[in-house]
Amino acid sequence: MFETVAGFDWDEGDRTKCTRHGVSLDEIESIFGGEVWVFPDRAHSDRETRFLGIGRTAAGRFVFLAFTLRVRAGQRWIRPISARYMHAKEIRHYEAEIARRNN
């Protein structure tokens, strides 16, 4: 799904929402450099298909990200909507799920 993504589509509103919880734009982008657990965000997908992503930044911090995919000029772009660092319980669940998937 994300092998064909051209990059990130940031707008000012999303930049503000994403960094509100202290997560930098570089950290958000870096989670897609590793293993990301992605699932549909059905609760917020009334007007567009949204996803939730859980992954680790390049520095090892765990991030929870809401995003959508946009198509411009025939290319698919990730448009982050909101991000925050994960809580300890969420991290334990994520690590257990990744271990289960890798076995």
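The values are calculated or read from the model by the stated rules, or taken from the named source; none is laboratory data. What you see is a predicted model; the values in this text were computed from it and never measured. All Cβ positions, glycine included, derive from the backbone under ideal geometry; neighbour counts span all protein chains shown. Heads up: the accessible areas ignore ligands, DNA and RNA and are worked out on the full protein's heavy atoms, side chains in. Shrake-Rupley method; radii C 1.70, N 1.55, O 1.52, S 1.80 Å.
Quick notes on this structure:
- Here A83, A59 are screened, and the one residue that is open to solvent by 60 Å² or more (accessible area, probe 1.4 Å) and either over 19 Å from T4 (Cβ atoms) or outside any helix (DSSP H, G or I) (or both) is A59.
- The C-beta contact set for the range 67-96 (first residue under 16 Å from R15 (Cα atoms) and among the aliphatic types (A, V, I, L, M), second residue open to solvent by 40 Å² or more (accessible area, probe 1.4 Å) and in a loop (DSSP other than H, G, I, E, B), distance under 7 angstrom, 6+ apart or interchain) comprises A83/H21.
- Scanning the range 35-62 for residues that are aromatic (F, W, Y) and closer than 14 Å to E95 by Cα gives W37, F62.
- Filter result (within 10 Å of the chain's Cα centre (by Cα) and either open to solvent by 60 Å² or more (accessible area, probe 1.4 Å) or aromatic (F, W, Y) (or both)) within the range 40-55: F51
- Failed condition for L65, given (1) under 21 Å from K89 (Cβ atoms); (2) open to solvent by less than 30 Å² (accessible area, probe 1.4 Å); (3) assigned to a helix (DSSP H, G or I): (3)
- Filtered by the rule that a residue be in contact with a Leu (Cβ under 9 Å, 6 or more places away or on another chain), closer than 11 Å to P80 by Cα and either modelled with pLDDT of 90 or more or in a strand (DSSP E or B) (or both), the range 10-49 gives W10, I28.
- Which numbered condition R70 fails, given (1) touching a Phe, Trp or Tyr at 6+ places or on another chain (Cβ under 6 Å); (2) surrounded by 16 or more Cβ atoms within 10 Å (Cβ to Cβ): (2)
- Within the range 2-52, the residues that satisfy the criterion of being out of contact with any Pro (no Cβ under 9 Å at 6 or more places or on another chain) and among the hydrophobic types (A, V, I, L, M, F, W, C) are F2, V5, A6, V23, I31, F32, V36, W37, V38, F39, A43.
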